[in-house]
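K.L.:
I am attaching a structure below and will ask some questions about it afterwards.
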């Protein structure tokens with residue numbers, strides 16, 4: 001904490017001191033925190049007031065925000081200290097110089113609001129989307145500090161609408177294979193992607209009311225579907241198991257007795273065997289694709305991403321000959337499984353589409369448009 005004060009990191013020192021003084025603030029071991037709190041507070045107040053005085057001399061409206069936020073800091077800082085007062089060191093009351101900054105805050109907020117409002121309107125006079133987005137950010141800050149000032153909310157709506165990039169999406173199947181209609185519909189249903197892009201809207205169906213800025217085309221290059229295969233492996237299982245009981249006998253073949261005179265019984269251990277045939281049904285599919293972004297205004301390609309998606313169908317089942325007790329739990333579970341029909345090629349392509357959609361979503365989520 002002392003190093004924070006010495007290096008000018010006054011607010012960090014204040015936060016640390018306040019945290020330490022939440023409990024047992026009058027204990028002697030807390031005196032150092034009280035003294036450092038006072039020292040850090042007075043130094044940071046002096047620094048901020050000097051900065052404000054310097055900024056005011058420039059008479060630059062672009063500096064109004066800095067002045068406003070410095071006044072907010074001054075006010076918030078003293079409000080954070082007030083709840084733990086009074087503070088004492090060796091019986092002496094440690095004082096803090098507090099000021100009423102409310103008039104200063106109201107005054108500078110009024111000037112800042114006028115400046116931000118005029119700046120936002122000026123920025124909206126262009127058709128350049130990055131500049132319009134800057135106007136939105138300017139007006140959004142105004143809405144935060146002074147809600148519903150003049151026509152700020154209407155201007156925010158205008159800036160968002162004009163600053164948004166509209167992207168027309170299509171699928172180009174270059175595979176010479178038919179893709180399921182439901183897969184195409186699912187890929188183009190952007191409501192299911194869970195995207196939250198403030199400045200970008202994707203349309204799969206063109207609207208006459210929208211002037212599109214970009215196109216995004218999903219180009220399906222190749223669809224590979226493996227043959228249906230059944231892999232088999234056979235192995236022998238051996239195991240010692242308890243198979244009833246028998247009398248325990250001595251070396252002479254006589255049945256042994258316990259301390260009460262009862263015949264002693266022991267487990268009868270036998271070795272059992274089973275021959276297991278384990279089967280694996282497997283079929284796989286892969287879709288190789290490109291995502292291509294183009295600028296409709298310049299007619300130029302702006303980005304291209306290549307990727308592949310896959311899906312593997314697997315089903316395991318087993319049969320055995322011999323004693324079932326030789327099998328472990330996993331092998332017994334496989335006995336309950338049965339051979340099932342392989343998915344059709346259409347179903348395989350559709351299932352591959354789930355992975356395709358996930359990768360497409362990741363590409364879309366990372367894509368940013370400058371205008």
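The values are calculated or read from the model by the stated rules, or taken from the named source; none is laboratory data. No experiment lies behind these values; they were computed from the predicted model shown. Every residue, glycine among them, receives a Cβ derived from its backbone with ideal geometry; neighbour counts consider all protein chains shown.
K.L.:
Name the one entry in 87, 37 that is in contact (Cβ under 8 Å) with a residue 60 or more places away in the chain, over 30 Å from residue 118 (Cβ atoms) and in contact with a strand residue (DSSP E or B) (Cβ under 8 Å, 6 or more places away or on another chain).
P.N.:
It is 87.
K.L.:
Collect the residues in the range 213-227 that are part of a loop (DSSP other than H, G, I, E, B) and either within 29 Å of the chain's Cα centre (by Cα) or loosely packed, with under 13 Cβ neighbours inside 10 Å (or both), keeping them in residue-number order.
P.N.:
Result: 213, 227.
K.L.:
Follow-up question, since we're still on this one. Residue 67 - would you say it is part of a helix (DSSP H, G or I) and farther than 29 Å from residue 13 by Cα?
P.N.:
No: the conditions fail for residue 67.
K.L.:
How many residues are surrounded by fewer than 17 Cβ atoms within 10 Å (Cβ to Cβ) and farther than 28 Å from residue 207 by Cβ if we restrict to the range 122-142?
P.N.:
Going through the range 122-142 one residue at a time, the tally reaches 2.
K.L.:
Being touching a helix residue (DSSP H, G or I) at 6+ places or on another chain (Cβ under 9 Å), assigned to a helix (DSSP H, G or I) and closer than 30 Å to residue 344 by Cα is the filter here, so list the residues in the range 126-183 that pass it.
P.N.:
Of everything in the range 126-183, those that are touching a helix residue (DSSP H, G or I) at 6+ places or on another chain (Cβ under 9 Å), assigned to a helix (DSSP H, G or I) and closer than 30 Å to residue 344 by Cα turn out to be 182, 183.
K.L.:
Please state which one of 76, 122 is assigned by TED's automatic domain parsing to the domain that holds residue 22, within 39 Å of the chain's Cα centre (by Cα) and either over 30 Å from residue 28 (Cα atoms) or in a helix (DSSP H, G or I) (or both).
P.N.:
Only one candidate qualifies: 76.
K.L.:
Something else: Looking at 190, 198, 235 in this structure, which one is closer than 30 Å to residue 308 by Cβ and not assigned by TED's automatic domain parsing to the domain that holds residue 138?
P.N.:
Only one candidate qualifies: 190.
K.L.:
A further question on this structure: Suppose the filter is touching a helix residue (DSSP H, G or I) at 6+ places or on another chain (Cβ under 8 Å) and either buried (at least 16 other Cβ atoms within 10 Å of the Cβ) or part of a helix (DSSP H, G or I) (or both); does residue 25 pass it?
P.N.:
Answer is yes for this residue.
K.L.:
If I ask for residues that are under 40 Å from the mean Cα position of the chain (by Cα) and either exposed (fewer than 12 other Cβ atoms within 10 Å of the Cβ) or outside the structural domain of residue 240 (by TED's automatic domain parsing) (or both), which ones from the range 319-335 would you list?
P.N.:
329, 330
K.L.:
Run down 43, 56, 109 and say which single residue is part of a helix (DSSP H, G or I), under 25 Å from residue 137 (Cα atoms) and in contact (Cβ under 8 Å) with a residue 24 or more places away in the chain.
P.N.:
109
K.L.:
Would it be correct to say that residue 314 is over 30 Å from residue 370 (Cα atoms) and surrounded by fewer than 14 Cβ atoms within 10 Å (Cβ to Cβ)?
P.N.:
yes
K.L.:
Going through the range 184-209 one residue at a time, which ones are assigned to a helix (DSSP H, G or I) and closer than 29 Å to residue 134 by Cα?
P.N.:
190, 191
K.L.:
Given the structure, is residue 338 in the same structural domain as residue 213 (by TED's automatic domain parsing) and assigned to a loop (DSSP other than H, G, I, E, B)?
P.N.:
It is true that residue 338 is in the same structural domain as residue 213 (by TED's automatic domain parsing) and assigned to a loop (DSSP other than H, G, I, E, B).
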